Amino acid sequence: MSAVQSIPPNPPVAKKSLSQTLKAYLDRRAIIMLFLGFVAGIPILLIFSSLSLWLREAGIDRTVVTMFSWAALGYAFKFIWAPLIDALPVPFLTKWLGRRRSWILVSQILIIIAICMMANVNPAVEGSLVLMAVGAVLLGFSSATQDIVIDAYRIELAPPNLQAVLSAMYVTGYRIGMIVAGAGALYLADYFGSTEALYSYEAWRNTYWIMAGVMGVGIITTLIIHEPISQKVVVERKTSDYMRLVLVFAISIVGFVFVFANAGLILPETEDVFSKFLVQVIRMLMSLAAALFIGYCLVKAKLVKQEFAYTTWIEPIVDFFRRYGMKALLLLALIGLYRISDIVAGVISNVFYQDMQFTKVDIANAVKLVGVVMAIAGGFLGGILAQKMRIMRAMMVGAILACVTNLLFILLTYHPGSLPYMYLAVILDNLAAGLASAVFIAFLSALTSIRFTAVQYSIFSSLMVLLPKVIGGYSGAIVDSTSYPFFFMFTFAIGIPILALIYFVDKHIVIGDNDDIYGDGDGGDSNSGGKSSLSKVNPSLTDTKEPPRASE
């Protein structure tokens, strides 16, 4: 039976009491995700804001500082090596800890090594930036790898009806980790004596050493938690097969880097901002095409078995289209556009607050403290909402709130410098963003096949931010050519079509186990004691022999 079909317009929803809903947050699996989310949120700001401030205090040119943000490109392209994480066992560790925990532990050890490497570099010393860049790139790669495995672990850890709770707890932990690595790192550097006027390398070294120590929470967590139950059939292969697969990947990456580094020699130079963007897009596409071509040739040359390469990189994508048919394109459109309204608006938010005559202290108190707390609260609300109603209805609520709250910033433009209006906008906007984020993660988890958790979720999460980030890069130009009220009205307007996408997905595609395709309240067959061979999690499980997620 196909996974793509119309469902009744108003299927009944299994009712849960508020106490049952809240009790789910005390589930040990939810607590596990809180701690894993915390350590996942630590590395990202040690590449971005904290590192940027360190380099600026060390007297590094602003142009060079911004280039260090490229070290985090691993987050955008993690889907490329995610298949390797699914396919390759870690020598010795996999037999001891299992597939997921072994890779989580390896990535955490690499994160600690990268942070310590950066801590031992004084950027004020001439010629030291190359080593700092190596450490930053290693940190970006290893933290993106940790995200890949934690996402797969979360999806395999619990059934779909608990994914919203796990997502909310993960997001909560992630944001707490960002507070520690962001505000916490700045407080520590200031405490140890480094300021913009008086730079102290020892202060930043000690700060990064402490952040490396904080990552020890992740190692302890990984060793204590259990490996998720999985009935996925893992084909044992020769060590040489795994090495050949890694070699193909490595050679392809070298080809990507070579083409990217030399493409500038043949592409035209331009000063126009939009033209520069197009040139960089062409440069990236050329590099990706070169990497794919090299990989294809190596497979054809039988450097690695064609069947192994297909199973690793191609089958996860084929599986998604096999389960949802051509309407998978509708799902991909929703994934790529769902967060567009709030992400595009968020890119320029700090600049907007400065232009509205708010001080850095005002922004720190409102956005970095109150805003984060409200985003965490929104995540909890999203988890509750996803348990109380069908996932697509919860998605609709999140989408409406995400775009409507952008209108509050228009109100703020008429009251510049007003803290009450600022807090009103920040509180409601972050509450909506937290809710939409938790619901959306649960939605992506429901879409992900248990057979290809690492690969498919990595593709979804990369696609989620691709277009919004690209458009967000033009937010400053839009404001310069129009006005802030027009810009925020624009971010509201681009969120409206998302509602139509959600409606069509809800009408034609079954998502999650709380979407009752039968309209009888339980999705079961009356002749089978409430059980049906057609799973509500994935109606084609019987046909695709999809292994079940961990049960209650």
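Numbers at a glance
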read-out: Residue check, Phe320 among the hydrophobic types (A, V, I, L, M, F, W, C) and either touching an Asp or Glu at 6+ places or on another chain (Cβ under 7 Å) or more than 18 Å from Trp81 (Cβ to Cβ) (or both); value: yes
read-out: Close pairs (8 angstrom Cβ cut-off, 6 or more residues apart or separate chains): more than 14 Å from Ile266 (Cα to Cα) in segment 280-293, open to solvent by 50 Å² or more (accessible area, probe 1.4 Å) anywhere; value: Ala290/Phe258; Ala291/Ile253
read-out: Filter result for Val304 (touching a Lys or Arg at 6+ places or on another chain (Cβ under 7 Å) and either crowded, with 16+ Cβ neighbours inside 10 Å or not aliphatic (A, V, I, L, M) (or both)); value: yes
read-out: Options Thr359, Thr270: the member that is more than 26 Å from the chain's Cα centre (by Cα), open to solvent by 50 Å² or more (accessible area, probe 1.4 Å) and of a type outside the set (Phe, Trp, Tyr); value: Thr359
read-out: Residue that is open to solvent by less than 50 Å² (accessible area, probe 1.4 Å) and closer than 16 Å to Ser252 by Cα, where the choices are Val299, Val279; value: Val299
read-out: Qualifying positions in segment 287-296 - open to solvent by less than 70 Å² (accessible area, probe 1.4 Å) and hydroxyl-bearing (Ser, Thr, Tyr); value: Ser287
read-out: Verdict on Leu285 being at pLDDT 80 or above and in contact with a helix residue (DSSP H, G or I) (Cβ under 7 Å, 6 or more places away or on another chain); value: no
read-out: Residues of segment 98-124 that turn out to be open to solvent by less than 10 Å² (accessible area, probe 1.4 Å) and not β-branched (Val, Ile, Thr), as a count; value: 8
read-out: Extreme residue, nearest to the chain's Cα centre (by Cα), among residues of segment 135-150 that are open to solvent by 10 Å² or more (accessible area, probe 1.4 Å) and modelled with pLDDT under 90; value: Phe141
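The values are calculated or read from the model by the stated rules, or taken from the named source; none is laboratory data. What you see is a predicted model; the values in this text were computed from it and never measured. With ideal geometry, Cβ positions are generated from the backbone for all residues, glycine too; neighbour counts draw on all protein chains shown. Heads up: the accessible areas ignore ligands, DNA and RNA and are worked out on the full protein's heavy atoms, side chains in. Shrake-Rupley method; radii C 1.70, N 1.55, O 1.52, S 1.80 Å.
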